[in-house]
1. Please report how far the C-alpha centroid of the range 533-580 lies from that of the range 307-348, rounded to the nearest whole angstrom.
2. What does the highest-first list of 250-257, 21-28 look like by mean Cβ count within 10 Å?
3. For the pair residue 84/residue 478, report the inter-label distance in nm, with labels modelled 7 Å from Cα in the Cβ direction.
4. Quickly rank 571-582, 54-65 as a protection proxy: mean count of other C-beta atoms within 10 Å, highest first.
5. Along the charge dipole of the chain, Cβ charges K/R +1 and D/E -1, which of 297, 372, 322 sits furthest on the positive end?
6. Residue separation times 0.36 nm, minus the C-alpha to C-alpha distance between residue 104 and residue 125: what's the value?
7. If you add up the charges near residue 324, with Lys and Arg at +1 and Asp and Glu at -1, over every other residue whose beta carbon is less than 10 angstrom from its beta carbon, what do you get?
8. With a point put 7 Å past each Cα toward its Cβ, work out how far residue 173 is from residue 688 in nm, to one decimal.
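The values are calculated or read from the model by the stated rules, or taken from the named source; none is laboratory data. Please read these numbers as outputs of a predicted model, since none were measured by experiment. Cβ: placed from backbone, ideal geometry, glycine included. Neighbour counts: every protein chain shown. The area values use the complete protein model at the heavy-atom level, side chains included, leaving out ligands, DNA and RNA. Shrake-Rupley method; radii C 1.70, N 1.55, O 1.52, S 1.80 Å.
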Amino acid sequence: MDGAITLDSALKYAVGGRTAGMLHRAWSLETVGDLLSHYPRRYSRRGELTALADLHDGDLVTIVAEVRRAASKEMRARHGSLQEVILADDSGAQLEATFFNQPWRMHELTPGRRGTFSGKVTRFNGVMQLTHPDYELFDDETPADPDAARRWAEQPIPVYPATASIPSWKVQAAIAQALDTVDPTGIEDPLPDAIRERHRFLPYQAALERIHRPENDADWRRARATLTFHEAFLLQIALLQRRAAAKRAPGTARQSAPGGYLERLDAALPFELTADQRAVGAEIAADLARTTPMNRLVQGEVGSGKTLVAVRAMAAVADSGGQSALLAPTEVLAAQHLRSITAALGPDLAAELMPTLLTGSMPQAERKKALLRIVSGQARIVVGTHALLSEQVEFFDLGLVVVDEQHRFGVEQRERLRTKGRTAPHTLVLTATPIPRTVAMTVFGDLDVSTIAELPAGRAGIESFTVPLVDRPGWWPRVWQRAAEEIAKGRQVYVVAAAIDAKSLEEGEDLEPVEDEFGEAGDPVPPPPLATVEATLQAVREAPALAGARVAALHGRLPSAEKDAVMRAFAAGEIDLLVATTVIEVGVDVPNASTMIVLDADRFGVAQLHQLRGRVGRGGVPGLALFVTRAEPGSPARERVDAVAATTDGFALARVDLELRREGDVLGSAQAGGRTSLKLLRVAHDADVIVEAREAAESIVADDPTLTDHPALRRALERRLDDTEREFITKS
């Protein structure tokens, strides 16, 4: 390679082609900067042995242990030799490491040697063991000088995220090689001097050196604090630039007219708006009246009336001659939104504003009719799925984009719809998943946030229960009996399964992973099969308690007309029990539905369970939610289900969700692309860091929105963004 190696250099120039290929296959690392951002997940010490009694079957571990004894013997059952090494910690707890046909290991693994050992813990004949572990032994002798010996024993050993083919010390060796090879002048510090000095952070090069090669705990702790702030700061800079770019785009003011559609809609409402609905409505009206495009997130409890707030905004836009488009994640939800909007408008306003549906599976004749209404401006309100993003769809004057459940769509999809306006349309994002402040600042930092916490009067409330089949298998028949009791009262029941049939999940379904379980021989035990719509429908029809009940199924693979017919029949009370996938998760509103039964509840996230539960208890009928699970007591999956059953407070659940879930799950698709994922920043725990980074970023972007005076920061940002994010932020 010509020239010095920098953070942007291809990895092969720093560590060689073979190692670079392994690192790319394992973690998609491409550049020296990518590798140096592969931070240790913890630190061990030579003088501090891992507590072996704390290991469990199935753990993928990197441990520090001492060899107590080692022996090689011929195998009786088959040809060859077996090497058995007994590892121990200071308490005397032991772990067996076994190798096959590698007698030369006995020359290395001699009693008294210490080192790091990496592999998967299994149990064989009641004994915990590592089979063919990777290992790296420490130097034979402790330094003779007491101070040097103490430093040797206490020096932190970085333990990296690893795979079966790349153990932690191979990652450590590659990083050390990269640190020794990279040109120090090529490691620019993205933090402006004033910010770094104010917070007493390390220079970037020193932080990288100390997080990967610390001499003591203080080294890596200070480096970690510095690099955590770097992550938060770069993310906030990106979000604020995106926000600034959106505000630079010329927009059109949209105001309601005296005696216009909005006033007529409000006058016809059969109930009073809640105080929260009025307050959020006023914020939206003020945004719409400006020529800078609105970018607002409205978060609110399930059933808090967010859709009505959006309909009022649509009416105001129609007053100015503009159109509104509502983007929904599923066809079932899009059709439900169309019905809800039409009902809210009433027959006269609906005839004038002509709410129009556009989905991907519409018959060609209906699609052409819808497209004509949209391009001519006849349809002032358009509701659709991803079909709205098609190049064929043209609007007469798109003034407002409403995105329902933003987490189902990427940023680029939201932007694709925004480009269909003559000028940049106003944007309103709705979510029924309450978002803690730090998450809102991190994920939706380009949006203003409004909250509707108050529920409309007259809600009867929901009781929720976990049905734990592992410890209470006898409760299963009672689930169907309870459903039958509700039907006998003239009420209706949802039963939700994640899968359509044995081979098909619902499209777009993203289930929680199953925790590994291992049998006595150490082999993985497959998780129980998911309940399916097909099998559950059959079970319901055969359940004696539900004899005579009117039952139907609903899932994403049904033709659109059939899905719509089923939902209409359920809404009309012609179906007693609906077996469905999560297509009914959001927006489906049947006031007479009293009961929600979720099968395999442990496979759904906190927010999704809360959404599903929100489909019942919406009228004067008390709601009942039964979360059926096979998760073991004390497991994270069971904790998740029990947490939802314990409270209907979505804001409390959002905090629980943040504690229980992995960081990437919380952030979802908002941080698309491998290199933009957070490595150190923890939204649940680093609230102060996020607030400080936001304040620092605001001062930079306000004075220098294109980062012309901060070239190192601009280059660092470019490394962290994928092409889509970079294109949006740089366009004016």
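1. Here the two parts' Cα centres lie 27 Å apart.
2. Going from most to least packed, we get 250-257, 21-28.
3. Between residue 84 and residue 478, the label points sit 4.9 nm apart.
4. Those peptides, ordered most packed to least, come out 571-582, 54-65.
5. 372
6. 5.0 nm
7. +2
8. For the pair residue 173/residue 688, the computed spacing is 4.1 nm.
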